[in-house]
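These notes concern the structure reproduced below.
The values are calculated or read from the model by the stated rules, or taken from the named source; none is laboratory data. What you see is a predicted model, and the numbers here were worked out from it, not measured in a lab. Backbone-built Cβ (ideal geometry, glycine too); neighbour counts: all protein chains shown.
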Amino acid sequence: MIRIGIIGLGYWGPNLVRVLTGLRDCRPVAFCDLNIPRLKSYSERYPEALATTDVSEVLTRDCVDAVIIATPTKTHFALARRALEQGLHVFVEKPLATTSAECEELIALAEQNEVTLFVGHVFLYSAPVAKLKDMVETGELGDLYYISSCRRNLGPVRHDVSALWDLAPHDISIMLELMGSLPRSVSCSGLAYLNRSIHDVCTLTMHFENNRMGVVHVSWLDPHKKREMTVVGSKKMAVYNDVEPLEKIKVYDNGVTGPMFCESFGEFQFSYRYGDTYSPRLVEVEPLKAECRAFLDSIATGTASRTDGQNGLNVVRVLEAADMSLHSGHGEVHLDAVEEQLASRHTLVAKGA
Ligand SMILES: NC(=O)c1ccc[n+]([C@@H]2O[C@H](COP(=O)([O-])OP(=O)(O)OC[C@H]3O[C@@H](n4cnc5c(N)ncnc54)[C@H](O)[C@@H]3O)[C@@H](O)[C@H]2O)c1
């Protein structure tokens, strides 16, 4: 039986508590939040469990094996570091931390203490993403050209991080999974309207090897809720609409081909193919349940999950490079250059320059 402490009981934490309560091999034994009325409702429902505003009480209790951190993004690193230092298994909501250096420190700590570090990239446990991955890997879509996504809604507006850091981790994690690699470079544009230092709307472009591209548009300042991703291949195109209750994926057997040879511009004609459109059957799983299952399995077996610390670091590396582009004229930023820049900044700080 894995005994779990949940830190953060705002909007998202209660969903994790609901799912964990339904799993046989774990038990919520401690709840922590700074909001006392919220905490009180949990101590009434779980009278045997510890309910506290002081995270140290959760981290130092012998009765806790693992913690789930569902607090605002800027608090993730400090809380996760303290938990790992105590030898606890840690599930951190997305994004893992706010810099790649922080992610690397968490990964190293988890390795030293031989505990699981897990990040809440929940869509990697969803049936539509598994189906898209299968269609890419089996070649059903042909050669992958580009992926574009749109994630927008009215709120929830964050005070600690931008819409890019809050919303884009989902789309970035899915695109890295489908592309099978990190992008070479990124560029990002966006604007801040509600709070001058926090971007409300952003568009991120990721450039991958082999002329492939991923475009992510996010906003919390939009009248409609939209969660859509289009995957375009040389043979077929797939649209994943997460707001759709039943047919979340539609595959279009559509494409465009040019002539193999032509002698003059006049002969150059594209031919458009409009084939069948169909919706593949998806094996229904609740992504959050599958995610919590993967965390518990990783603890039980000591093996890495698909959303381990490295997976969290990959997403943060993209966000970090995107932020650099956003704050420096929206130009292209190479991920390797970010590494070098951060490493030299680190050396200067270490030398006290
Ligand atoms: N996977 C998803 O689809 C998904 C969806 C929403 C949010 N999230 C993530 O979940 C996390 C929380 O988001 P939210 O929407 O629930 O935010 P929220 O602001 O509604 O809730 C955060 C809670 O954390 C508490 N808190 C803050 N600092 C704390 C501390 N030091 N110790 C204990 N409690 C503390 C606050 O009192 C609040 O109740 C974020 O990382 C967010 O990115 C994930």
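Which fully enclosed helices (runs of 4 or more DSSP H) of segment 69-147 have 2 or more residues being among the charged types (D, E, K, R), in the same structural domain as Thr203 (by TED's automatic domain parsing) and without any contact (Cβ under 8 Å) to a residue 12 or more places away in the chain?
Passing ranges, in order: 127-137.
Do we find a residue being on the phi > 0 side of the Ramachandran plot and not β-branched (Val, Ile, Thr) anywhere in segment 259-275?
no
May I ask you to say which residue of Ala300, Ala337, Ala294, Ala304 is over 24 Å from Met229 (Cα atoms), in the same structural domain as Leu117 (by TED's automatic domain parsing), among the aliphatic types (A, V, I, L, M) and loosely packed, with under 14 Cβ neighbours inside 10 Å?
Ala300
Do you know which residues across segment 136-173 are buried (at least 20 other Cβ atoms within 10 Å of the Cβ), within 19 Å of Phe208 (Cβ to Cβ) and out of contact with any His (no Cβ under 8 Å at 6 or more places or on another chain)?
Passing the criteria: Val136, Leu141, Leu144, Ile147, Ala168, Asp171, Ile172.
Scan segment 11-44 for residues that are in a helix (DSSP H, G or I), away from the ligand (no atom under 12 Å from the Cβ) and of a type in the set (Val, Ile, Thr) and jot them down.
Once the filter is applied, which keeps residues that are in a helix (DSSP H, G or I), away from the ligand (no atom under 12 Å from the Cβ) and of a type in the set (Val, Ile, Thr), segment 11-44 yields only Thr21.
Which of the residues belonging to segment 53-96 are over 18 Å from His159 (Cβ atoms), of a type in the set (Gly, Ala, Ser) and surrounded by 20 or more Cβ atoms within 10 Å (Cβ to Cβ)?
Ala66, Ala80, Ala83
Examine segment 272-283 for a residue that is in a helix (DSSP H, G or I) and in the same structural domain as His170 (by TED's automatic domain parsing), and state whether such a residue exists.
No, every residue in segment 272-283 fails to be in a helix (DSSP H, G or I) and in the same structural domain as His170 (by TED's automatic domain parsing).
Is it the case that segment 186-203 has a residue that's under 15 Å from the mean Cα position of the chain (by Cα) and not acidic (Asp, Glu)?
Checked against the condition, which is being under 15 Å from the mean Cα position of the chain (by Cα) and not acidic (Asp, Glu), segment 186-203 yields no hits at all.
So if I check each of Tyr252, Tyr274, which one is out of contact with any His (no Cβ under 9 Å at 6 or more places or on another chain), among the aromatic types (Phe, Trp, Tyr) and loosely packed, with under 11 Cβ neighbours inside 10 Å? I'd like the intermediate steps shown before the answer.
Details: Tyr252 fails: loosely packed, with under 11 Cβ neighbours inside 10 Å.
Testing whether each residue is out of contact with any His (no Cβ under 9 Å at 6 or more places or on another chain), among the aromatic types (Phe, Trp, Tyr) and loosely packed, with under 11 Cβ neighbours inside 10 Å leaves just Tyr274.
For segment 63-96, name all the residues that are among the hydrophobic types (A, V, I, L, M, F, W, C), within 11 Å of the ligand (Cβ to nearest atom) and more than 18 Å from Asp33 (Cα to Cα).
Once the filter is applied, which keeps residues that are among the hydrophobic types (A, V, I, L, M, F, W, C), within 11 Å of the ligand (Cβ to nearest atom) and more than 18 Å from Asp33 (Cα to Cα), segment 63-96 yields only Leu96.
Any idea which of (1) of a type outside the set (Lys, Arg); (2) within 13 Å of the ligand (Cβ to nearest atom); (3) touching an Asp or Glu at 6+ places or on another chain (Cβ under 6 Å) is the one Ile2 doesn't satisfy?
Just one mismatch for Ile2, condition (2).
If you scan segment 197-248, which residues turn out to be of a type in the set (Gly, Ala, Ser) and either surrounded by fewer than 16 Cβ atoms within 10 Å (Cβ to Cβ) or not in a strand (DSSP E or B) (or both)?
Passing the criteria: Ser197, Ser234.
Can you name every residue in segment 186-196 that is touching a His at 6+ places or on another chain (Cβ under 7 Å) and in a loop (DSSP other than H, G, I, E, B)?
Ala192
Could you list, in sequence order, the residues of segment 182-209 that are of a type in the set (S, T, N, Q) and free of Cβ contacts under 8 Å to residues at least 60 places away in the same chain?
Asn195, Ser197, Thr203, Thr205 - these are the residues of segment 182-209 that are of a type in the set (S, T, N, Q) and free of Cβ contacts under 8 Å to residues at least 60 places away in the same chain.
Taking the conditions exactly as written (at pLDDT below 95 and either outside any strand (DSSP E or B) or not assigned by TED's automatic domain parsing to the domain that holds Ala97 (or both)), does Pro183 satisfy them or not?
Numbers: at pLDDT below 95: no; either outside any strand (DSSP E or B) or not assigned by TED's automatic domain parsing to the domain that holds Ala97 (or both): yes.
Answer is no for this residue.
Which is among the basic types (Lys, Arg) and touching a Cys at 6+ places or on another chain (Cβ under 7 Å), of Lys226, Lys235? So that I can check it myself, show each step before the final result.
Details: Lys235 fails: touching a Cys at 6+ places or on another chain (Cβ under 7 Å).
None of the other options fit; the residue is Lys226.
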